[in-house]
Amino acid sequence: MAGAPCWVTLLSRELPAAQAFYGDVLGWTYRPAGLGDDFCVALSDGMPVAGIGALAASLQVAVSWTPYFAVADVDEAAARIRERGATVAVGPLAFHSGRAALATDPDGAAFGIWEGAVRSDWTVGRGSAPAWLELRTRDTDDAARFYSQVLGWAPETEGGFTLVREHDHAVLRQDEHVVAKIRGGGVQATSDPRIRPRWHVYFRVPEVSGSVAAALNGGGALLSPPDASPAPVEATLRDPDGALFTVTSG
């Protein structure tokens, strides 16, 4: 469905090291993705959950988790992105099952768009997919307007994606099921990745404390300790390459 989060990907400094880290922290196994030796699909209980690739050595960019959103026409979506003051950094490029582009929104948060086949068993918040996504941005209303215009999110949509303002943030729902959240307060000119505008991924785990221990043992860092108030229990981690993510019990 157009506008839906359809995948998340990490480009790491060293693929085998990233595989070992996330295997220990999240219990993932891996299989080839059909895109060469430098990319694989991560599996949770045998089901696809994410893609992990090797970042080209010539690219001096921050390592981060990046969500992709389904679009009906990647060229039209790329044009809408540019028209609204954002950047299409890579693509659109053709792959064996579709076309993709990598972009940054007006505040610098990276995201991808995908035109083509999507997995019917991969839905944020259900199964092996991430629990939810969260955009940390400068201004909630500006970001909500941008993504709504680019991806077709609407205040009220029959059977589609509904973006509604709630208190100090916005919530994206599909059939009343929370898919993503948008929160303001991000700061562009900062060296702290925790408050720079970015998309953040929440992964569900059986035991948060066990994942935290595995991350620390594998060279990662704990940025926010396990917090159960309000439930569920959550902890934000940084992998050895600097990518941030949150593990959650809910």
Condition test on G242, is it at positive phi, open to solvent by less than 40 Å² (accessible area, probe 1.4 Å) and not hydroxyl-bearing (S, T, Y)? yes
For the range 24-44, how many residues are more than 23 Å from G220 (Cα to Cα) and either among the basic types (K, R) or open to solvent by 40 Å² or more (accessible area, probe 1.4 Å) (or both)? 6
Look at L135 and say whether it is in a strand (DSSP E or B), open to solvent by 70 Å² or more (accessible area, probe 1.4 Å) and either touching a strand residue (DSSP E or B) at 6+ places or on another chain (Cβ under 8 Å) or farther than 17 Å from T9 by Cα (or both). no
Under 6 Å between Cβ atoms, at least 6 apart or on separate chains: pull out the pairs that start in the range 138-154 with a residue that is under 17 Å from V74 (Cβ atoms) and end on any residue that is charged (D, E, K, R) and assigned to a helix (DSSP H, G or I). V150/R80
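Select, from A144, A86, A100, the only residue that is open to solvent by less than 70 Å² (accessible area, probe 1.4 Å), within 23 Å of T162 (Cα to Cα) and touching a Pro at 6+ places or on another chain (Cβ under 8 Å). Spell out the reasoning first.
Working: A144 fails: touching a Pro at 6+ places or on another chain (Cβ under 8 Å); A100 fails: within 23 Å of T162 (Cα to Cα).
Only one candidate passes the filter, namely A86.
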Do you know which of the residues in the range 169-199 that are charged (D, E, K, R) and open to solvent by 50 Å² or more (accessible area, probe 1.4 Å) is modelled with the highest pLDDT? R183
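To keep it simple, each residue is scored yes or no on (1) assigned to a loop (DSSP other than H, G, I, E, B); (2) of a type outside the set (A, V, I, L, M).
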residue	(1), (2)
G210	no, yes
A215	no, no
L222	no, no
P226	no, yes
P232	yes, yes
L237	no, no
D241	yes, yes
T246	no, yes
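Checking the structure you have, find out if any residue of the range 107-122 is touching a strand residue (DSSP E or B) at 6+ places or on another chain (Cβ under 7 Å) and among the acidic types (D, E).
The first filter runs over the range 107-122 and keeps only residues touching a strand residue (DSSP E or B) at 6+ places or on another chain (Cβ under 7 Å), leaving 109-119, 121-122.
Right, trim to among the acidic types (D, E) and you get 115, 121.
Looking for residues that are touching a strand residue (DSSP E or B) at 6+ places or on another chain (Cβ under 7 Å) and among the acidic types (D, E), one finds at least one in the range 107-122, hence yes.
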So how many residues does the range 103-132 have that are touching a helix residue (DSSP H, G or I) at 6+ places or on another chain (Cβ under 8 Å) and assigned to a strand (DSSP E or B)? 4
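The values are calculated or read from the model by the stated rules, or taken from the named source; none is laboratory data. Given the structure is predicted, the values throughout are model-derived calculations rather than measurements. Positions of Cβ are backbone-derived with ideal geometry, glycine not excepted, and every protein chain shown enters the neighbour counts. These area figures cover heavy atoms from the full protein model, side chains too; ligands, DNA and RNA do not enter into them. Shrake-Rupley method; radii C 1.70, N 1.55, O 1.52, S 1.80 Å.
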